[in-house]
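Trainee: Before we start, here is the structure in question, set down as structure tokens.
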Amino acid sequence: MFKRWLYILATSFTLVFFSEILFWGTRSFADFIETWLFYALATYVTLAVTAHFHVNTLWSLFLAGALYGWLTEGVLVQTTYENLPYSISDTGLSWHALITVWVGWYAVRRALRARRPYPAILLGTAIGLFWGLWMPFWGFANEPDVPPFTLAQMALLAGLFVPALALSYWLQNRLAPPSFAPHKIEMGLIGGLLLLQFLVTAVPAYPIALLILPLLFLLVFLGLRRHRQGAPPAADYLTQLSGRVRPYNYLGVLIVIPASLAAFALDQAIGLTPIPAYIIYAITVPAGFLLFILSFIKTWRSG
């Protein structure tokens, strides 16, 4: 159990990095620790679902990522219900499923497993450029009391969290269990905590959540159950993405630091903000809806 929870916390760090640090940073170390622990609950459920439904295709993984996204945005916080139907994708699908799970958890770990460091370096550079162009948006006049995000703050944020991100990948490769088999008591406690959070915070603020979230979870369940019935014989992604990684491949994670700082400095020098953020929103929010529909159709037809 102890080793399993270390694995969960390492995985949760990866997910919270892409879901929160990449999105808008953090206000304080204490806030990050609290967020990390809350995200560990959603991470646990997502890993359990990935193992149980034998998730081993990108389409089934997107459905698992949707579950993770709606757990974080529909249970831990309530953004799923704020601007319906737009908010169903933003950010549960458009960021958490697409960027956090598909890119941060799957694509990076797949690149790290390569024999050469170049796939990880190219992907890390792309992530850094994306981050550096996105982050100045949080200093753009969204709220008058939010000060502009500076290059010095960006350097501190990247310098602290990116090496820890590399460590989280290394720990996942070292600690991954042969099979992820969560204990029934653990699942009961975590499920109870998430249900309590949902009933105490989401439902009073948005009563429609009682209709929306169960329906979304039902679609995920139906798609994943169908996938499991006809899943390809390959191992699930928890097994596929684990194993030995050549140490120099982790340079692909560390290169996020200079790439993000270069993009941030360029953005500030020529005044791109808020154009990159608007473009990202315009692409990812519709893509979230489209990918969920395609994922459901693909998994249903494969069953």
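The values are calculated or read from the model by the stated rules, or taken from the named source; none is laboratory data. Note that the structure is a prediction, hence the values are computed from the model and not measured. Reconstructed Cβ throughout: ideal geometry from the backbone, glycine too, with neighbour counts over all protein chains shown.
Trainee: Tell me which residues, restricted to the stretch 1-25, are free of Cβ contacts under 8 Å to residues at least 60 places away in the same chain and more than 16 Å from Ala166 (Cα to Cα).
Mentor: Correct list: Phe2, Trp5, Glu20.
Trainee: Is there a residue being part of a helix (DSSP H, G or I), surrounded by 17 or more Cβ atoms within 10 Å (Cβ to Cβ) and under 19 Å from the mean Cα position of the chain (by Cα) anywhere in the stretch 136-144?
Mentor: Among the residues of the stretch 136-144, not one is part of a helix (DSSP H, G or I), surrounded by 17 or more Cβ atoms within 10 Å (Cβ to Cβ) and under 19 Å from the mean Cα position of the chain (by Cα), which makes the answer no.
Trainee: Looking at the structure I just gave you, is Gly159 part of a helix (DSSP H, G or I), buried (at least 21 other Cβ atoms within 10 Å of the Cβ) and in contact (Cβ under 8 Å) with a residue 12 or more places away in the chain?
Mentor: no
Trainee: Right, next: Answer yes if at least one residue in the stretch 29-36 is closer than 23 Å to Ala209 by Cβ and surrounded by fewer than 21 Cβ atoms within 10 Å (Cβ to Cβ), and no otherwise.
Mentor: yes
Quick grid of which residues meet (1) more than 28 Å from Ile121 (Cα to Cα); (2) touching a residue at least 40 places away in the same chain (Cβ under 8 Å); (3) exposed (fewer than 12 other Cβ atoms within 10 Å of the Cβ):
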| site | (1), (2), (3) |
| --- | --- |
| Pro163 | no, yes, no |
| Tyr169 | no, yes, no |
| Ala176 | no, yes, no |
| Ala181 | yes, yes, yes |
| Lys184 | yes, no, yes |
| Leu193 | yes, yes, no |
| Leu219 | yes, yes, no |
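Trainee: Something else: Write out, first by first residue and then by second, each pair whose Cβ atoms fall under 8 Å of each other, whose residues are 6+ apart or on separate chains, and whose first residue, in the stretch 223-248, is in contact (Cβ under 8 Å) with a residue 12 or more places away in the chain while the second is among the charged types (D, E, K, R) and surrounded by fewer than 19 Cβ atoms within 10 Å (Cβ to Cβ).
Mentor: Leu241/Arg110; Leu241/Arg113; Gly243/Arg113; Val245/Arg113; Arg246/Arg115
Trainee: State whether the residues of the stretch 261-277 include one that is of a type in the set (Val, Ile, Thr) and either under 20 Å from the mean Cα position of the chain (by Cα) or closer than 30 Å to Leu219 by Cβ (or both).
Mentor: no
Trainee: What tally of residues in the stretch 91-116 results from selecting those that are assigned to a loop (DSSP other than H, G, I, E, B) and either of a type in the set (D, E, K, R) or free of Cβ contacts under 8 Å to residues at least 60 places away in the same chain (or both)?
Mentor: Number of matching residues: 3.
Trainee: Would you point out the residue of the stretch 48-66, among those that are touching a Leu at 6+ places or on another chain (Cβ under 8 Å), closer than 21 Å to Gly188 by Cα and of a type outside the set (Gly, Ala, Ser), that is surrounded by the fewest Cβ atoms within 10 Å (Cβ to Cβ)?
Mentor: Val49
Trainee: Considering (1) in a helix (DSSP H, G or I); (2) out of contact with any Asp or Glu (no Cβ under 8 Å at 6 or more places or on another chain); (3) surrounded by fewer than 22 Cβ atoms within 10 Å (Cβ to Cβ), say which one Leu133 fails and leave the rest.
Mentor: (2)
Trainee: Okay, moving on. In the stretch 263-287, which residues are over 18 Å from Phe149 (Cβ atoms) and either hydroxyl-bearing (Ser, Thr, Tyr) or touching a Phe, Trp or Tyr at 6+ places or on another chain (Cβ under 8 Å) (or both)?
Mentor: Once the filter is applied, which keeps residues that are over 18 Å from Phe149 (Cβ atoms) and either hydroxyl-bearing (Ser, Thr, Tyr) or touching a Phe, Trp or Tyr at 6+ places or on another chain (Cβ under 8 Å) (or both), the stretch 263-287 yields Thr284, Val285.
Trainee: Could you go through the stretch 83-90 and let me know if any residue there is in contact (Cβ under 8 Å) with a residue 40 or more places away in the chain and closer than 25 Å to Ser179 by Cβ.
Mentor: no
Trainee: Here's a follow-up. Return only the number of the condition from (1) part of a helix (DSSP H, G or I); (2) in contact with a Leu (Cβ under 7 Å, 6 or more places away or on another chain); (3) under 18 Å from Leu238 (Cα atoms); (4) not polar (S, T, N, Q) that Leu9 does not satisfy.
Mentor: Against the list (1) part of a helix (DSSP H, G or I); (2) in contact with a Leu (Cβ under 7 Å, 6 or more places away or on another chain); (3) under 18 Å from Leu238 (Cα atoms); (4) not polar (S, T, N, Q), Leu9 comes up short only on (2).
Trainee: In addition: Take the residues in the stretch 15-63 that are of a type in the set (Phe, Trp, Tyr) and closer than 19 Å to Leu98 by Cα; name whichever of them is farthest from the chain's Cα centre (by Cα).
Mentor: Residue satisfying both the conditions and the ranking: Trp59.
Trainee: Mind checking which pairs have a first residue in the stretch 29-42 that is closer than 16 Å to Leu194 by Cβ and among the polar types (S, T, N, Q) and a second that is modelled with pLDDT of 95 or more and not in a helix (DSSP H, G or I), Cβ under 9 Å, 6 or more apart or different chains?
Mentor: Correct list of pairs: empty, since none qualify.
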